[in-house]
Amino acid sequence: MKFAVRVKQQLNIWALLSFLFIVIILIPNFIIGFEFFSEANENWQHIKEYLLKEYLTNTIIILFFTAIATTIIGTSLAWLIALYDFPLRNFLKWALILPLAIPPYIAAYTYHGIVNYTGIVQSTLRNSFDITLSQSYFNIMTNQGAVFIFSMTLFPYVYTITKSFFQNQSASMIENATLLSGGSFNTFFLVALPISKASIVGSVTLVILEVLNDYGVVSYFGIQTFSTAIFRTWYGMKDLDSALKLAGSLMLLVIVVLILEKILRGRKRYSFSTTKVRPIEPKRLKGVKGWAVFAYAFGIFSFAFLIPFLQLVRWGFMTYEKVLNTVFLQQAYNSILVAAIASSIIIFVSLVISNFTRLHHGIVPKIFSRVTTLGYSIPGAAIAIAIITIFLWLDTYIVTILGKINLEPTFVLRTSLVMLVSAYIIRFLAIGYNSVEAGFEKVGNSFTEASRMLGVSPIRTLLKVDIPLIKGSIFSGFILVFIDILKELPLTLFLQPFNFTTLATQAFKYANDERIQEASLASLFIILLSGIFIFFFHRLAEGENE
């Protein structure tokens, strides 16, 4: 009886904390929804009549073609890496994840610097070959250029998820399918693609959500999309109401994307019919075939990572004496500090909610689990506008209270890191939660139940039993969240306090001021740190799969 009472009390504590965190996640959605249906002002009427169609058209064009390109590139590379052995395969296996270390906005200004009139491409053509071509051939600041940038930097989402799926398939199934279908080409289209549809659709959905979240690429290229419109309406017009309505419109587009994902996934499920599953052994490709596959994979790696990285290194050597100073070091410290704080809080919140959902059964835990992942589907610009609204109200309320008790009124929250960290938590909680939840699913509840039966307190059980068992998943979640926050731009641009600049925002400001070379050092720091973390994550994931 005493044990049952203790368990009930503990579950109530987990439930209370989980409920509190869920409410915090939902508040921005409620604000956006409420304001979207509120009375419109003149600015919104003008936007809806003359500009909204352009925002929607550009956004959909970029989304559609980026989804197609990342599907083709990511799926083909996943198939080749999983099924075949060719020169430098082991290197390319993890190197093809590295483009995730390059934020799209950094790739955008780097490629613009490469192909513009004074860039290395046109300079080489003029000076070495006496060839001068029309500038229209090198204009990357278009919808097509944005699709190229997004495809090169985001295809690893499709590659990593689909590769993992292919590697976990039965070797006998692939071999039999190859024999019956008449070759590996037919096997890929008739067997591999249908059974991997869910993983492909899920990973492409992540790509689409990342594109919707982007502000840096479309802003730098001068493309009118929802994210640039929200930023311009808030900062240019000082019109928070219209910005919230734009955020609501963007949320409707996100809902359409998520509905389409459910439809495309379908209801079919595939599983093994036997426990005797032989893992796939990569088939050795010799001669021309092997080198052709290598050329394709290395070509994608070069355009996605190697070329922009080498260009940034070249610019870095040209400008490091001017840029590398105490201000740069402070910005690096700010970037690491805010990413570490937000990542730690996200992992803590993920542990609390995951612990509640695994110990409870019923509709409430399922709802909590769904809501936890909601934040990642909300674009950063929409979250930022909602957070600004909340904290403006809170600050006004605090000032009123301080005035009533004869204390000096002051704005406490809007000038602190609390606002920025809160936005990070809402936006990236899904990443940490999914990692922690996956860890709990692997170890189950038997060790937890045994610990509690022995009289160990629930908190001590979590600290001494559960966390050590899932430390790999916790570390993986922390790495993924840290990388995303380190690269994040729209939330930081919107919400960073006065005199608080990160390397991401500084690189973007340099690029916007046409000081592309000076932006290289901050960009290299982000890429190198992200690349190191991605390598450790890859090693950790490979170790868990062995």
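Counting the residues of the range 487-513 that are closer than 26 Å to Thr319 by Cβ, of a type in the set (Phe, Trp, Tyr) and not in a loop (DSSP other than H, G, I, E, B) gives 2.
Per-residue answers, yes or no, for (1) at pLDDT below 80; (2) among the acidic types (Asp, Glu); (3) surrounded by fewer than 18 Cβ atoms within 10 Å (Cβ to Cβ); (4) closer than 13 Å to Ala430 by Cβ:
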site	(1), (2), (3), (4)
Ser335	no, no, no, no
Val338	no, no, no, no
Phe348	no, no, yes, no
Asn355	no, no, no, no
Leu359	yes, no, no, no
Ala381	no, no, no, no
Ala386	no, no, no, no
Leu394	no, no, yes, no
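For the range 446-461, a residue qualifies if it is in a helix (DSSP H, G or I) and either exposed (fewer than 10 other Cβ atoms within 10 Å of the Cβ) or of a type in the set (Lys, Arg) (or both), and the qualifying residues are Ser446, Arg452, Met453, Arg460.
Reported count of residues in the range 514-525, each being outside any helix (DSSP H, G or I), surrounded by fewer than 22 Cβ atoms within 10 Å (Cβ to Cβ) and in contact with a helix residue (DSSP H, G or I) (Cβ under 9 Å, 6 or more places away or on another chain), is 1.
Checked against the criterion of being closer than 30 Å to Tyr117 by Cβ, buried (at least 22 other Cβ atoms within 10 Å of the Cβ), touching a Pro at 6+ places or on another chain (Cβ under 6 Å) and in contact (Cβ under 8 Å) with a residue 60 or more places away in the chain, the range 492-503 contains not a single residue that satisfies it. A single member of Leu209, Leu180 is over 19 Å from Ala107 (Cβ atoms) and either surrounded by fewer than 21 Cβ atoms within 10 Å (Cβ to Cβ) or at pLDDT 85 or above (or both), and it is Leu180. Pairs meeting the criteria (first residue in the range 111-128 and free of Cβ contacts under 8 Å to residues at least 40 places away in the same chain, second residue loosely packed, with under 12 Cβ neighbours inside 10 Å and not in a loop (DSSP other than H, G, I, E, B), beta carbons under 8 Å, at least 6 apart or on different chains) are Tyr117/Gln135.
In the range 304-327, the residue that is farthest from Thr501 (Cα to Cα) out of those that are aromatic (Phe, Trp, Tyr) and buried (at least 17 other Cβ atoms within 10 Å of the Cβ) is Phe305. The helices (runs of 4 or more DSSP H) falling completely within the range 190-246 that include 1 or more residues that are among the aromatic types (Phe, Trp, Tyr) map to 216-221, 226-235.
Taking the options Val217, Val191, name whichever one is within 30 Å of Asn434 (Cα to Cα), at pLDDT 75 or above and among the hydrophobic types (A, V, I, L, M, F, W, C). Even if it seems obvious, please write down each step before you answer.
Working: Val191 fails: at pLDDT 75 or above.
On inspection, the qualifying residue turns out to be Val217.
Note on the range 32-71: residues that are within 20 Å of the chain's Cα centre (by Cα) and not small (Gly, Ala, Ser) amount to 10.
Would it be correct to say that Tyr157 is of a type in the set (Phe, Trp, Tyr) and closer than 17 Å to Leu206 by Cα? For Tyr157, the condition - of a type in the set (Phe, Trp, Tyr) and closer than 17 Å to Leu206 by Cα - is met.
Taking the numbered list (1) part of a helix (DSSP H, G or I); (2) modelled with pLDDT under 90 in turn, Glu39 passes all entries but (1). Tyr235 meets the stated requirement of being aromatic (Phe, Trp, Tyr), farther than 26 Å from Phe148 by Cα and either out of contact with any Leu (no Cβ under 7 Å at 6 or more places or on another chain) or without any contact (Cβ under 8 Å) to a residue 12 or more places away in the chain (or both). So, Leu528, is that one surrounded by fewer than 20 Cβ atoms within 10 Å (Cβ to Cβ) and modelled with pLDDT of 90 or more or not? For Leu528, the condition - surrounded by fewer than 20 Cβ atoms within 10 Å (Cβ to Cβ) and modelled with pLDDT of 90 or more - is met. Comparison of Pro87, Pro104, Pro99 shows that the only residue that is at pLDDT 85 or above, under 30 Å from Val349 (Cβ atoms) and touching a Gly at 6+ places or on another chain (Cβ under 8 Å) is Pro104. From the set of residues in the range 462-488 that are of a type outside the set (Ser, Thr, Tyr), buried (at least 22 other Cβ atoms within 10 Å of the Cβ) and more than 13 Å from the chain's Cα centre (by Cα), which is nearest to Ser343 (Cα to Cα)? Going through the qualifying residues, I end up with Phe478.
The values are calculated or read from the model by the stated rules, or taken from the named source; none is laboratory data. Predicted, not measured: the structure shown is a model, and the values here were computed from it. All Cβ positions, glycine included, derive from the backbone under ideal geometry; neighbour counts span all protein chains shown.
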